[in-house]
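J.: Pasting a structure below so you can have a look.
Every number here is computed from the coordinates shown, using simple stated rules; none is lab data. Keep in mind that what you see is a predicted model, and the values were worked out from it rather than measured. Neighbour counts are summed over all protein chains in view; Cβ atoms, including those assigned to glycine, are modelled from backbone coordinates with ideal geometry.
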Amino acid sequence: MLASEPPFNVVADEVAGALDGALLIGHSVGFDLAILKAEFGRAGRTWTQPRSLCTRLLSEIAQPNLQDYSLEQIAAWLGVAPGPRHSAVGDAISAGRIFLALVPKLRARGIRTLAEAELATGKLTRLLDDHARAGWVVPVRAPLVGVEPKQGRDDLYPYRNRVRAVMRTPVVAEAATKLDDALNRMIEARISSLLVVSAPEAGSLRPRATGIVTERDIVRALAVRGADALGMPIGPLASRPLLTVQADAFAYRAIARMSRLQIRHLGVVDDDGVVAGVVSARDLLRLRAREAIWLGDEIEEAENVAGLARAWAKVPGVTAALRREGISGREVAALISEELCALTSRAAVLAAARMAASGNGEAPCRYAVAVLGSAGRGESLLALDQDNAVIYAEDSADAERWFAAFGQNLADILHDAGVPYCNGGVMASNPQWRGSLATWRGRVAGWIAAARPEDLLSVDIFFDLRGVHGDYELANTLWREAFDQAAGQAGFAKLLAEAAGRSAPAVGLFGRLITANGRINLKMAGLFAVVTAARVLAIRHHVAERATPARLERLRGLHVGGDQDLEALRDAHEILLNFILDQQVDDIDHGLPASNSVAIKPLSAGARDRLRSALKAVRHVDTLSRDLLFRD
């Protein structure tokens, strides 16, 4: 079969190119690695061992009690049709099919990432010793392949600043406006686009932006029609629909979206989906970051769950790169939240498509998908799960049936993409976390009237709610109304604090750090207390903010509590985020599941002092919070 094929040295470049940056998967892959190493050496070429996974080893992890681990036996166990035996292509097809079938079984055993799979296989020392004795190359893990910055520190601007900071106030014109008038407006305002608006919808006083006319559109019309074009209405020239980005999105998302769509202007919408500005490529040129957009628009492009998973898998590497560049944990957490919100939005699109494909049709009414908890606050870390809800406009049995199925699809898609189900059930698949606007209003009223903290479990994160898909106004209306109803309700805020529980002390006598197995769970020892205090005080004193720092700052402005106490909590919040994120990056790199527990021994003396100071600042936050709840 190979007699007429070229020798290895002729195809070595092609093989090296295929392996470069790739993950090599094979059955007893140590044998394949040994052959490749020998052939590269024989050809006088440099051999760089690729990252690899062995389906033989993974199968033993997934099912330790199989009679044997031949390709045929594993394929039979998994119900996989094997490829043609005893040929390179056939065996590779079998190994590929087996790997795909193993993924959900490995996930059930807590192995969700490449590094976790490498760590697990590395513990099978007996089998690896057999590899070595046979002369095979032992599959070894490589360091985390992160995302390295490509330019200087100025290129981090898009990851630290929001679109709101670079957008321009929109100049609008009706579709019937003549081209010469539109051109004069653009020259006077020194802008490169006009938003084309139509009459307001029923019940609204605001006109709707339906499209955009740019300087390029005008130049094109003049090139085709000459001076006659100046008397034309701009409506036919407009690009529709108006493509948009959220005002609070990071600037890198606008850059990536323009690049993907090959456009130079985007409308900018506020929390209610209303166009609040325009951002152009020219506005973003000074960011000098086109090559440094590590997180692009892949989530919005994803056509299926696998695409979502690939995009989401980039987040830990980008997190590591940004932390190495000195970006604060608070800023990185906001970026993780941004991606999680985008992921949830795209998952909702895919969930609706599943509903249509299964014969359930389109949504029966307007609705919004919202995130809660850390994602809503913009404070997500790498150890996260789902917290989402659905609010829909019409209260009917048909609507509830449709959104029940939709909510389950949403939860399943997010789980398969890498965001696990919420252990506390805070998901739209749970009837308690979906409902009509009227139903939600009734729930809020019931919560505020509650008499026991056990009746308010998980209710606190509702006040972090942020709409991410659909009719944003539904979500934001509900959130604002809840703050309005809870304002001044000190008893309700106190019950919320009691339902959340108390923090676990982490600093003992003489400033000794209290550890368990060498680690401190900084979420339970400090971060949770700061977040809870800021939230319940914001609810009590009608501070309609989501982010913890913004809540603390607004409370300072209202003179609720001493400036020094609130500033210390704000600082502690950032310090704890830094420590947790750095530990999560390190754990993922070593194949460990990300958690909120930080190892103390590797920390320098200075780092321990900073951590100790932050934990001391949080030590009395429960008492401080109770005192401030009843202060007018």
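J.: Please give, to one decimal in nm, the separation of the simple spin-label points placed at K37 and H620, each 7 Å out from Cα toward the Cβ.
T.: Label at K37, label at H620, 6.2 nm between them.
J.: Give, in nm to one decimal, the length gained when the segment between E362 and N517 is fully stretched (0.36 nm per residue of separation minus the Cα-Cα distance). It would help to have the intermediate numbers written out before the result.
T.: Values: separation 155, 0.36 × 155 = 55.80 nm, distance 5.16 nm.
Stretched out fully, the E362 to N517 stretch lengthens by 50.6 nm.
J.: Report, to two decimal places, the Cα Rg of the range 1-111 normalised by 2.2 N^0.38 Å (N = number of residues). Walk me through the numbers on the way to the answer.
T.: On the way: Rg = 15.6 Å, N = 111, 2.2 N^0.38 = 13.2 Å.
The value comes to 1.19.
J.: For the residue pair V172 and A605, what label-to-label distance in nm results when each label sits 7 Å from Cα along the Cα-to-beta-carbon direction?
T.: Output for this residue pair reads 6.4 nm.
J.: On to the next question. Compute the longest continuous run of the chain that contains no exposed GluC sites (Glu not before Pro); treat a site as exposed when its DSSP state is not H, G, I, E or B and it has at most 15 other Cβ atoms within 10 Å. Before the final figure, lay out each step's value.
T.: Working: sites that count: E201, E303, E325, E362, E394.
Result, exposed sites excluded: 395-632.
J.: Using R₀ = 41 Å, calculate the FRET efficiency as 1/(1 + (r/R₀)^6) where r is the Cβ-Cβ separation of T439 and A353; round to 0.05. Intermediate results must be reported in sequence, preceding the final value.
T.: Values: r = 26 Å, r/R0 = 0.63.
Computed FRET efficiency for T439 and A353: 0.95.
J.: What is the distance, in nm, between label points placed 7 Å from the Cα along the Cα-to-Cβ direction at A405 and at H559?
T.: 5.9 nm
J.: Along the Cα-to-Cβ line of A22, 7 Å from the Cα, sits a label point; which residues in the range 71-88 have backbone N less than 20 Å from it?
T.: Only 83-84, 86-88 pass the distance filter.
J.: A further question on this structure: Explain nothing, just the number: dipole magnitude of the range 456-525 about its Cα centre with +1 on each Lys and Arg Cβ and -1 on each Asp and Glu Cβ, in debye rounded to the nearest 20.
T.: On the way: 7 positive and 7 negative charges, 128 e Å.
For this selection, approximately 620 debye.
J.: Can you give the Kirkwood hydrodynamic radius for the range 307-464, in Å, rounded to one decimal and based on Cα pairs? Working shown, then result.
T.: Details: mean 1/r = 0.0604 Å⁻¹.
The Cα-based Kirkwood calculation yields 16.6 Å.
J.: Would you mind getting me the FRET efficiency between Q67 and N9? Use the beta-carbon distance for r and R0 = 35 Å, nearest 0.05.
T.: Working: r = 42 Å, r/R0 = 1.19.
Between Q67 and N9 the formula returns 0.25.
J.: Based on the alpha carbon coordinates of the chain, what radius of gyration and maximum Cα-Cα distance (Dmax) apply, in Å?
T.: That works out to 28.1, 89 Å for Rg and Dmax.
J.: What does the helix-only formula give at 222 nm for the chain: each DSSP H stretch with n ≥ 4 adding -39500 (n - 2.57), the total divided by the residues, and the result rounded to the nearest 500 deg cm²/dmol?
T.: Values: 26 runs with 310 residues, N = 632.
Taking each H run of at least 4 residues, the total per residue is -15000 deg cm²/dmol.
J.: Roughly speaking, what is the centre-to-centre gap between the range 324-362 and the range 78-125 when only Cα atoms are used, to the nearest Å?
T.: Centre-to-centre distance over Cα atoms comes out at 28 Å.
J.: Take the residue pairs K523/K616; K314/K601; K494/K616; K105/K314 and return only those whose Cα atoms are more than 25 Å apart.
T.: Working: K523/K616 14 Å; K314/K601 29 Å; K494/K616 23 Å; K105/K314 23 Å.
Beyond 25 Å: K314/K601.
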